[in-house]
Every structure is written in structure tokens, then in C-alpha cells.
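One structure is given here, and the rest of the page talks about it.
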Amino acid sequence: MDGALLQSKIAYGLQKAASAVGTLHTQYRPGTPINNPISPVYALGQIPCAFTLNNGMKPGSWAAQTQQNQLFWQVIAPVAQLQVGDYLVAQNTYCVVGLDALMIPMALRCTQTLTFSRQPKETAAGLQPYSALAAPAPVVYAQGIPGVLNIKKETGRPQAALPGDASLRAFYACNFYLPDGLVQHRDIVTDENGTRYQVVSVSSGLLGTQALVEVLES
């Protein structure tokens, strides 16, 4: 059986399964620049979808470890109507992050809303006169982005408010979907509660984008 025929059979089976067991989800396909991607202006309509955890990932892999937090789910839906970056919204919000051939689509379950900003670069050269003015505010380049933050590790000691004491540094894994290369080192991520994080590293792969971020002191 050739690949194209097998792909069509997989798509047919997923569509039939979605019609039988799925619930209607509103499908959103954002434009560019990406701001508030699940706004009504980006709604395409409703399609039946069901979601199940993928228990077949390679044991010990990064993707398998994230199953503990139920980040990535298999999507039972009409595959022909999906694109990477689509959002499927009903009781929960999912972002389609994987549409590999001969594979069941994968989606990131999003539980938070994120804003991404960047400090403007100074363009003046040479010595500059001293100024007591505050640094310019970061420029927002993507907002209203569904995603999820999970604590990754903490370093240092709890702050005891004594001179020389090391404060506790908290690092989070931040998962979302944005175009490759858009998010950069030292960018600022702000969640829906106003907590600010700085990007330490960022990588894009088969399942969207993941950034390692550190909580910024208020």
C-alpha cells in the first residue's frame, strides 16, 4: 500500500471517529502578526473533535515526560481541515502543533494566555550623557497567545531578607505556538496574572515552541 493511500485511509478513519465520539469545537486560524488568535475574526466554523493522551511516545523522551502534565494530546478530527497553528476551542483550548504524514495529529492543551514583548535596542553609538530617565518600555509583538507554563526547577535559597542571602530563582518551561525565530533570548513573557518571565533559551521542534523562562522580580 502506497503512502498516499494509507494517509487517505487514516484521514477517513479519523473523520469517522470524530463524527462518532467528538464534540463541536470552534476552529480558529490566526493571521499575521499573531495577536489574540482566538478572536471571532479568525473563526472558521465548528468541527467535531476528540482528544486523547498519546501513550505511545518513546519512554524517557522529553515529549513522554510532558505527559505527566498532560500537555500534548492526539487529535481525533477531520485532518483535511487542519493546519499547524490552528486553535480548537470548546471547554478547553488546544493548538494543533503536529501534522506529520501517517501520524495522528498532535495538539498542545493551553491553559494560560501569554503576551510576548522585547526591549528596544539602543541605536545611538559612542558615549552618551547620563540620564536618569527610565529605560523605554518593552514593545509587545504578540499578545493573547494561548500556552502553558510548568515549573521546571528552582535554584538558590528562599529569601530571608538578610544581606548576602541568595534569593530563590524559579525557572519554567513555557510551551506555545509562534513562528520559528520570532521569540528570542531575553524577550519578556507575561502571563494573564501579570507575572513576568525572561526567556533564557528557546527552541522549536515537532511540537511547537518551548522556551525556558525565569521569573522576574517585580
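The values are calculated or read from the model by the stated rules, or taken from the named source; none is laboratory data. All values reported here derive from a predicted model rather than from experimental measurement. Virtual Cβ from ideal backbone geometry, glycine too; neighbours counted across all protein chains shown.
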Query raised in the report: Is it the case that some residue within the stretch 28-36 is within 30 Å of Val140 (Cβ to Cβ), over 22 Å from the mean Cα position of the chain (by Cα) and either crowded, with 18+ Cβ neighbours inside 10 Å or at pLDDT 90 or above (or both)?
Result: no
Query raised in the report: Exactly one of (1) closer than 21 Å to Thr209 by Cα; (2) modelled with pLDDT under 85 is unmet by Asp100. Its number?
Result: (2)
Report summary line: Within the stretch 93-121, the residues that are buried (at least 20 other Cβ atoms within 10 Å of the Cβ) and among the hydroxyl-bearing types (Ser, Thr, Tyr) are Thr93, Tyr94
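If I go through the stretch 34-50 residue by residue, how many of them are in contact (Cβ under 8 Å) with a residue 12 or more places away in the chain and out of contact with any strand residue (DSSP E or B) (no Cβ under 7 Å at 6 or more places or on another chain)? Give the derivation first.
Keep residues of the stretch 34-50 that are in contact (Cβ under 8 Å) with a residue 12 or more places away in the chain, which gives 34-39, 42-50.
Narrowing the set further to residues that are out of contact with any strand residue (DSSP E or B) (no Cβ under 7 Å at 6 or more places or on another chain) leaves 39.
Matching residues across the stretch 34-50 total 1.
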Query - Output for the stretch 83-104, where each listed residue is part of a strand (DSSP E or B), more than 11 Å from the chain's Cα centre (by Cα) and more than 14 Å from Cys49 (Cβ to Cβ) - result: Gly98
Query raised in the report: If we keep just the residues of the stretch 187-211 that are crowded, with 17+ Cβ neighbours inside 10 Å, of a type in the set (A, V, I, L, M, F, W, C) and within 13 Å of the chain's Cα centre (by Cα), which is farthest from Gln119 (Cα to Cα)?
Result: Leu207
Query - The one condition in (1) touching a strand residue (DSSP E or B) at 6+ places or on another chain (Cβ under 6 Å); (2) at pLDDT 90 or above that Gln83 fails to fulfil - result: (1)
Report task. Would you mind listing the strands (runs of 3 or more DSSP E) fully within the stretch 105-218 where at least 1 residues are at pLDDT 80 or above, over 30 Å from Tyr12 (Cβ atoms) and β-branched (Val, Ile, Thr)? Result -> 112-118, 139-155, 188-190, 196-205, 208-215
